[in-house]
Amino acid sequence: MLEAGVLYPRTGIPGSGGTFFGHHEIPWAYLGGGGTAIADLLREEIERSGAHTVVVSSEEFDRLTPVAISDLCSALPFAITVLFYYRRQSDIIEGMYRTDVVHGRERRTLEHFVASYSGALDFGAFATAWSSAPNVKSVLPRAYFPKHFPDGNVVFDFLAALSLPTSTERDEEDNFRYNQSLPWHAVSVIQKLREMLVSEQVIGRAIEAITVVSRRTPPERGALMSPAQAQAIDGQYLERNAAFHASFCPAQPAITPRAEDDLFHIQHQGLWPDVERTIEWLAEYVIRTKR
């Protein structure tokens, strides 16, 4: 994209861990007290590039305190537009739980995870912290509804929202939905495998196989969290969500609590044949390869 005057910096992208995108090291540096050094490197790369637009992205930015946000924006003497995606709070918590289970960071039940969750869920406070920071000219919240995105891909929606160029050609990789949580039943199976003391090497191979398949299949509606659990969480944010929506994104879809869903009850009663076959196949696979 640099030929079009758009820079996706190398500074801040982790040098290991299997990812080639996401500037996670920038917020990590500010969380760890090393923000000045990485901001200097980022500013130097931007100035060398000659680009008129720079895209810096990471989910980890939502962990920054208002002071850290202000320090980061002060260190970048450019006009800054902040774009972030919001969705139902219960969906965020379940997504984090699925991710942490897959990466081996979480072995507790979903109920215990929900009870101790401390991530950023107040979108109004998040938007206010960024809109108040130096050099920030605008904050653009976007509703995270993939089925409404061009090609179902958030990347294309992101680029369009910022009026950035997109390729008219699509290759096979564009059909992948990157950074997507595994299906609910896969997460349940991974939990069971760890309870069985299956090696992480075997679990890792199973996760890789499921990931490839799930990236190429339509997103599922299933969930680990019951409608009642989700409604209890979302109910805590009704007033704050309404205020956030009215102040920052009245033209975007509002956040609504999760409705009752018969699909949840069907899938968790073991009445979904495709899911049951998937679980049986995976169980047979790990038993054959367990060591």
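A few comments on the model shown:
- 1.4 Å probe accessible area per residue over the range 1-75, in Å²: 55 Å²
- Positive contributions from Lys and Arg (+1) and negative ones from Asp and Glu (-1), summed over other residues with Cβ under 15 Å from the Cβ of Gly104, come out at +2.
- A cut-off of 5 Å between modelled amide H atoms, ignoring neighbours fewer than 5 places along the same chain, links Leu83 with Leu140.
- For the pair Glu200 and Ala232, label points projected 7 Å from Cα toward Cβ lie 3.2 nm apart.
- Computed from phi, the 3J(HN,Hα) profile of the range 227-237 under the Karplus parametrisation 6.51, -1.76, 1.60 (θ = phi - 60°) reads x, 5, 4, 5, 5, 5, 6, 5, x, 6, 10 Hz, with x in place of Gly and Pro.
- Protection-proxy order for peptides 26-32, 108-114, each taking the mean of Cβ atoms within 10 Å per residue, highest first: 26-32, 108-114
- With the simple model of a label 7 Å out from the Cα in the direction of the Cβ, Ala243 to Thr53 spans 3.4 nm.
- Ligands, DNA and RNA left out, the accessible area of the range 1-100 computed with a 1.4 Å probe is 55% carbon and sulfur.
The values are calculated or read from the model by the stated rules, or taken from the named source; none is laboratory data. Just so it is clear, the structure is predicted and the values come from calculations on it, not from any experiment. Heads up, the Cβs are rebuilt from the backbone with ideal geometry, glycines too, and the neighbour counts pull from every protein chain shown. Ligands, DNA and RNA are stripped out before the accessible areas are found, and what is left, the full protein with its side chains, is counted by its heavy atoms. Shrake-Rupley method; radii C 1.70, N 1.55, O 1.52, S 1.80 Å.
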